[in-house]
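Report on one structure; see the data block that follows.
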Amino acid sequence: MKKSKKNIINVLVLISITLLVLYFSLKDNFSEIMKQILELDMFWFLLALFLVCLYWGFRAYSIHTVIVKFKKDYTIRESIKLTMITQFFNAVTPFATGGQPFQVYALKKDGVGITDGTNIIMQNFIVYQVALVLLGIFAVTYNSIFDIFKSAILLKQLVTIGFLMNTLVVVFLFLVAFGKRFNTFIIGFSIKILNKLHLIKDKEKKVKEWNTYISNFHKGAKILLQDKKTFVLTTLANFISLLCLYAVPVALLYGMGNHSVGIVEGIVASSYTMLMGAFVPIPGGTGGLEYGYMQFFGEMVTGPTLNASMLLWRGITYYLGMVVGAIFLNIKIKKR
């Protein structure tokens, strides 16, 4: 009941912020913005949709490649459904925290044990973070050389912090995966503190449970890195998926007849926008991501075109995924 109430609150917050974003985006140049949207070249719009579908497809391929290592009869259709429903749960929860618990639950229903399911999700998360950091390194390096965001000084600093946070996440995951002494120390120290605060009653039991969990995660991560082919393929799949997602604004701008943004610059601007989203504690980063888009792409695009492209970008990269995910949530996949 509490979880359901929390989800309702998240959705209400999301709707409220979305309406505010729409109001401030449309209030000054409503007719011009709508004209830009309605006169959008259909070829470029369909290409933008295709890029979003490729993003979903490569994410599905990535997690499918890991799942079949644990459950050989898991189909690609099931992986696509899992990916799309994850889009929905990520969209309606702050910091996209709802997707991974659902994935473990869904895999359990499909016959994958909780331990294996957790390993699958963590392995997939590791390769996604590696791809995100690699693309972040490229974006930050490119901007440091060509300085394409001259005005957004504060936002650039936030992006740098967001990039460092993602890098630290990768380092921490590898420490957890391979640093047995580090794990033993952290687990023992943390549970000892929680026990003194009376938040944990049976200290020995919790230490044993967490050591078992970390041991299983360690085995899963070791399998991933020993299987170099899977590690490279899944990292590459996530890297390509992010490139597709980050190229969407460029396709939309071209469809509006604006060619002032090159593909590389568009990918860098998208990367900066998404990195900044790490600081927005609202479902989908709503409000913050729109503001980031306006600031970073505003260095290269102005007027109604900027507002129109932002609205379309959010529509097909975020809200469309949420709607399609909700549809997949009610679709049953027939077993072979």
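For this structure, a couple of remarks:
- When Gly285, Gly321, Gly255 are screened for being at pLDDT below 90, of a type outside the set (A, V, I, L, M) and surrounded by 21 or more Cβ atoms within 10 Å (Cβ to Cβ), only Gly285 passes.
- Helices (runs of 4 or more DSSP H) contained entirely in the range 11-114, each with at least 2 residues that are small (Gly, Ala, Ser) and modelled with pLDDT of 95 or more: 42-67
- Residues in the range 57-77 that are of a type outside the set (D, E, K, R), farther than 20 Å from Phe239 by Cα and in contact (Cβ under 8 Å) with a residue 24 or more places away in the chain: Phe70, Tyr74, Thr75.
- Which listed residue, of Leu46, Leu107, Leu40, Leu54, is free of Cβ contacts under 8 Å to residues at least 40 places away in the same chain and of a type in the set (A, V, I, L, M): Leu46
The values are calculated or read from the model by the stated rules, or taken from the named source; none is laboratory data. Note that the coordinates shown come from a computational prediction; the quantities given were computed from them, not determined experimentally. Reconstructed Cβ throughout: ideal geometry from the backbone, glycine too, with neighbour counts over all protein chains shown.
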